[in-house]
1. Inside the stretch 28-44, can you point out the residues that are under 25 Å from the mean Cα position of the chain (by Cα) and surrounded by fewer than 19 Cβ atoms within 10 Å (Cβ to Cβ)?
2. What pairs come up if the first residue lies in the stretch 34-60 and is closer than 15 Å to V110 by Cβ, the second is loosely packed, with under 12 Cβ neighbours inside 10 Å, and their beta carbons are under 7 Å apart, counting only those six or more places apart or on different chains?
3. Are any residues in the stretch 179-207 touching a Leu at 6+ places or on another chain (Cβ under 7 Å) and within 18 Å of E160 (Cα to Cα), and if so, which ones?
4. Which count do you get for residues in the stretch 132-167 that are touching a Lys or Arg at 6+ places or on another chain (Cβ under 9 Å) and small (G, A, S)?
5. Report the residue count in the stretch 193-221 for those that are out of contact with any helix residue (DSSP H, G or I) (no Cβ under 9 Å at 6 or more places or on another chain) and part of a loop (DSSP other than H, G, I, E, B).
6. How many of the residues in the stretch 87-96 are surrounded by 18 or more Cβ atoms within 10 Å (Cβ to Cβ) and either charged (D, E, K, R) or in a loop (DSSP other than H, G, I, E, B) (or both)?
7. Take the conditions without any contact (Cβ under 8 Å) to a residue 40 or more places away in the chain, among the basic types (K, R), in the same structural domain as L211 (by TED's automatic domain parsing) and over 20 Å from E206 (Cβ atoms) and apply them to R133. Does it pass?
8. Is it fair to say A145 is modelled with pLDDT of 95 or more and either farther than 28 Å from T23 by Cβ or outside any helix (DSSP H, G or I) (or both)?
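The values are calculated or read from the model by the stated rules, or taken from the named source; none is laboratory data. What you see is a predicted model, and the numbers here were worked out from it, not measured in a lab. Every residue, glycine among them, receives a Cβ derived from its backbone with ideal geometry; neighbour counts consider all protein chains shown.
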Amino acid sequence: MNTPSSPTRGRPARLDQTRTIKTALDLLNESGLDALTMRRLADAVGAQAGALYRYFATKQDLLTAMAERMVEGVGAAAGPTGDGDWSEGVARLARALRAALLAHRDGARVFAGTHSTGPNTLGFADSLVGVLREAGFSDSEAARALYTVANFTVGHTLEEQAALQPENEVPADAGGLHEAVTAGAYPHLAATLPVLTSTDFTAHFEFGLRLLLDGLRAVRQ
């Protein structure tokens, strides 16, 4: 007896969009974005490459679907609103977005440049805008703050993942930066090298997030 996920004799397995996206994320985690091709994905799900285009007209469509899956549940991170601590709600959302992208190899590269209108992406955006509107920010301020928080978080995570080697989590360019700075006349950079070459990306992120939140507080004043 055949099921929707099992092949009819002599025919390839019927594609399932949900399973295909999960398989794509598994391949991403295994080998990275550069190795993820439509042909390799088709092989992994036991289908012809052309069959994937029923669900994803282009590879960009696939990446958008993957990005949407990555941020599932992130919008709920704001927690209950109305407690007056809008900054903590924004911070929780930013941290949750970063964590969701870090959970996948090259997650930020996949997410950057996609413009999903799916419920997970829109749920995150609506939660962040809602926190700010309920705190008294104008509609335009809340909308621009959404872009600022999202761009900072994705940009930071993009650089974070690019700097780390998947094998040993050592910044790829730390040694080169140290040599270039110490070999030249850059006294201020030399004084701050311990931080510039630090692998504590959470500390870097939290510092930038704090500056961002302080800027939003200044807007309200």
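1. Correct list: N29, E30, S31, G32, L33, D34, A35, T37, M38, R39, R40, A44.
2. From the stretch 34-60, no pairs qualify.
3. Of everything in the stretch 179-207, those that are touching a Leu at 6+ places or on another chain (Cβ under 7 Å) and within 18 Å of E160 (Cα to Cα) turn out to be L196, T197.
4. Count: 4.
5. 2
6. Number of matching residues: 1.
7. In short, yes.
8. yes
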